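S.K.: The structure under discussion is supplied below as structure tokens; questions concerning it will follow.
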């Protein structure tokens, strides 16, 4: 997010009339420091490569932080460097692939405003000019140092007469330019004496010095690649990308709204790959390990655009009422019963989950528990820990030939069916929805039919409110004496007192429970349950999907769905909005309009397109019972008045423009 001093707003015109933009090269236009990279290339086969390159990087960093005089640092680095022209050519090729992402995507701006952009760098023209001209900037607008070479093409030094090789070189250069004294008579595309405002974008202390000396109206500390505390502390504004600068000044840009301004909050220790993916796309991401209660969440989500949760965090209507910027929720799990989906639809908040990613992990835990419970492994293990040697086959059986009853024949139920059958079990299942059996599984007409026949009963149904306590005393009574019972679905599905009673009277011989009506919010909270200390009961802390493979899969899958929605408008995988898979947006602006599903909305939209003579290149509409989702790709020539009228159409829930 951009950080500004209060006095800075008066310095922000919406055009660049008589304005010059001065941009640093190293760690600004490119992601790296060019001289450091050159050293790495040139010293490739040198026996002390690592030590020498590290020394050069250290000197560079000291100079960027203003800790040493620039000229001294430059001389020391050149003395360590053993470079040749061929190394510089290799560096140029490498730098073409290391352009800062925000400069890469805003090349159209660089082309259009090239006449008003200077590249002023303490680096070297030999590798800067080929890179910036490929981005559309003028070679004659590059001011930088230059190497000296011997007859064999080896770097022997630098042009010390160049003002940029001296201490305070950037300040001296700007003073010369403002006075009309252009070094080397470079042919500028503007008259520097007519410049009213100078905006400097850079990452180093020498960039700030231009502002400090009075030669610039404002200094923007660019932090997309590196953030230096001494530099940001003295900046008029801290910008995480070029998009931010362009947005603030109302200039042409590739993004309608800077991603760095959109805050993403990830809770419950989701896999780090999710954070990496979202940050790579330029979003501001905060990650917390634990869940938050309703009041804590309300306080936290006031400025959040995207919220990522797992199963412990509940998203209520009250939370949504206090989250005005929230446009999407990512559930890094299978279930979404912890989210008020109706309220999300009413507020135009898209919800995405991971319906398949942890299926295998849950099934493997279920199979492992079935085997352990049927063999009575845990009572024997507990006895061994207490010093008891109980070598007998009593209450220990094979799973082969046993009847596995699966309640809920969805993704997990069907996978469990396949593996259970591969172990030699007979599979029976019940599902409220008509499902086709896989393999030799047998579909039962009622829940009671499964309970009466199964040696093992495993729950895999969803957590909708109407399923609360659907498994109670009646259902346990219908089960076979001595059966095994598993719940790896949702805690509120089972009436816990009825389960405890069934265990204590030996109706149920073995139990595996991974989910509970109440679960601790963090790992520091004590787990309380009547099931503790009961024999042949496996209790696990909601880890059915908690394998590295599953969490990494979810960590990839959910952000991909979120990014498709944020960046392109696609709602594929949304559990509450109409599913629309959109083509990649090209050479147009995309209007995204979520509204209540009432008659006449499309007519009103089309009337506005006609009124403002908007040319449409693509239009998409999808509805469900609650909402309609309209996507329109249109020409870039539209007015603010048109946008305001779109926003104010009756029954509009949420409106976005993407480009």
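S.K.: Would you mind telling me which numbered condition in (1) closer than 25 Å to residue 267 by Cα; (2) free of Cβ contacts under 8 Å to residues at least 12 places away in the same chain residue 386 fails?
M.R.: Of everything listed in (1) closer than 25 Å to residue 267 by Cα; (2) free of Cβ contacts under 8 Å to residues at least 12 places away in the same chain, residue 386 misses just condition (1).
S.K.: Among the listed residues 155, 132, 171, which satisfies the condition of being outside any helix (DSSP H, G or I), in contact (Cβ under 8 Å) with a residue 40 or more places away in the chain and surrounded by 15 or more Cβ atoms within 10 Å (Cβ to Cβ)?
M.R.: Numbers: 132 fails: outside any helix (DSSP H, G or I); 171 fails: outside any helix (DSSP H, G or I).
Within the list 155, 132, 171, the selection yields 155.
S.K.: What is the one condition in (1) surrounded by fewer than 20 Cβ atoms within 10 Å (Cβ to Cβ); (2) at negative phi; (3) in contact (Cβ under 8 Å) with a residue 24 or more places away in the chain that residue 250 does not satisfy?
M.R.: (2)
S.K.: Among the numbered criteria (1) assigned to a helix (DSSP H, G or I); (2) within 26 Å of the chain's Cα centre (by Cα), which single criterion is violated by residue 587?
M.R.: Condition (1) is where residue 587 drops out.
S.K.: Suppose the filter is farther than 30 Å from residue 593 by Cα, assigned by TED's automatic domain parsing to the domain that holds residue 485, free of Cβ contacts under 8 Å to residues at least 60 places away in the same chain and not in a helix (DSSP H, G or I); does residue 363 pass it? Give the steps one after another, and end with the answer.
M.R.: Details: farther than 30 Å from residue 593 by Cα: yes; assigned by TED's automatic domain parsing to the domain that holds residue 485: yes; free of Cβ contacts under 8 Å to residues at least 60 places away in the same chain: yes; not in a helix (DSSP H, G or I): no.
Spelling it out, it is not the case that residue 363 is farther than 30 Å from residue 593 by Cα, assigned by TED's automatic domain parsing to the domain that holds residue 485, free of Cβ contacts under 8 Å to residues at least 60 places away in the same chain and not in a helix (DSSP H, G or I).
S.K.: Still on this structure, please answer the following. With respect to residue 219, determine if the residue is surrounded by 21 or more Cβ atoms within 10 Å (Cβ to Cβ), touching a strand residue (DSSP E or B) at 6+ places or on another chain (Cβ under 7 Å) and touching a residue at least 40 places away in the same chain (Cβ under 8 Å).
M.R.: Details: surrounded by 21 or more Cβ atoms within 10 Å (Cβ to Cβ): yes; touching a strand residue (DSSP E or B) at 6+ places or on another chain (Cβ under 7 Å): yes; touching a residue at least 40 places away in the same chain (Cβ under 8 Å): no.
Spelling it out, it is not the case that residue 219 is surrounded by 21 or more Cβ atoms within 10 Å (Cβ to Cβ), touching a strand residue (DSSP E or B) at 6+ places or on another chain (Cβ under 7 Å) and touching a residue at least 40 places away in the same chain (Cβ under 8 Å).
S.K.: For residue 164, state whether it is crowded, with 19+ Cβ neighbours inside 10 Å, touching a strand residue (DSSP E or B) at 6+ places or on another chain (Cβ under 8 Å), in the same structural domain as residue 232 (by TED's automatic domain parsing) and assigned to a loop (DSSP other than H, G, I, E, B).
M.R.: Considered against the rule, which asks whether it is crowded, with 19+ Cβ neighbours inside 10 Å, touching a strand residue (DSSP E or B) at 6+ places or on another chain (Cβ under 8 Å), in the same structural domain as residue 232 (by TED's automatic domain parsing) and assigned to a loop (DSSP other than H, G, I, E, B), residue 164 comes out as no.
S.K.: Since residue 77 meets every condition but one in (1) crowded, with 20+ Cβ neighbours inside 10 Å; (2) modelled with pLDDT of 95 or more; (3) part of a helix (DSSP H, G or I), which condition does it not meet?
M.R.: For residue 77, the failing item is (2).
S.K.: Give the residues of segment 517-551 that are over 21 Å from residue 382 (Cβ atoms) and either surrounded by 14 or more Cβ atoms within 10 Å (Cβ to Cβ) or modelled with pLDDT of 95 or more (or both), sorted by residue number.
M.R.: As a first pass, look at segment 517-551 and keep what is over 21 Å from residue 382 (Cβ atoms): 517-525, 542, 544-551.
Hits for segment 517-551 are 517, 519, 520, 521, 542, 544, 545, 546, 547, 550, 551.
S.K.: Let me ask something additional. May I ask you to say which residue of 550, 502, 489 is within 30 Å of residue 307 (Cα to Cα) and outside any loop (DSSP other than H, G, I, E, B)?
M.R.: Numbers: 502 fails: within 30 Å of residue 307 (Cα to Cα); 489 fails: outside any loop (DSSP other than H, G, I, E, B).
Result: 550 is the single residue among 550, 502, 489 that is within 30 Å of residue 307 (Cα to Cα) and outside any loop (DSSP other than H, G, I, E, B).
S.K.: Select from segment 48-67 the residues that are outside any helix (DSSP H, G or I) and modelled with pLDDT under 85 and list them in ascending order.
M.R.: First, the residues of segment 48-67 that are outside any helix (DSSP H, G or I): 48, 65-67.
Correct list: 48, 65, 66.
The values are calculated or read from the model by the stated rules, or taken from the named source; none is laboratory data. Bear in mind that the values here come from a model prediction, so they are computed numbers and not experimental data. Note that each Cβ is placed from the backbone with ideal geometry, even for glycine, and that neighbours are counted across all protein chains shown.
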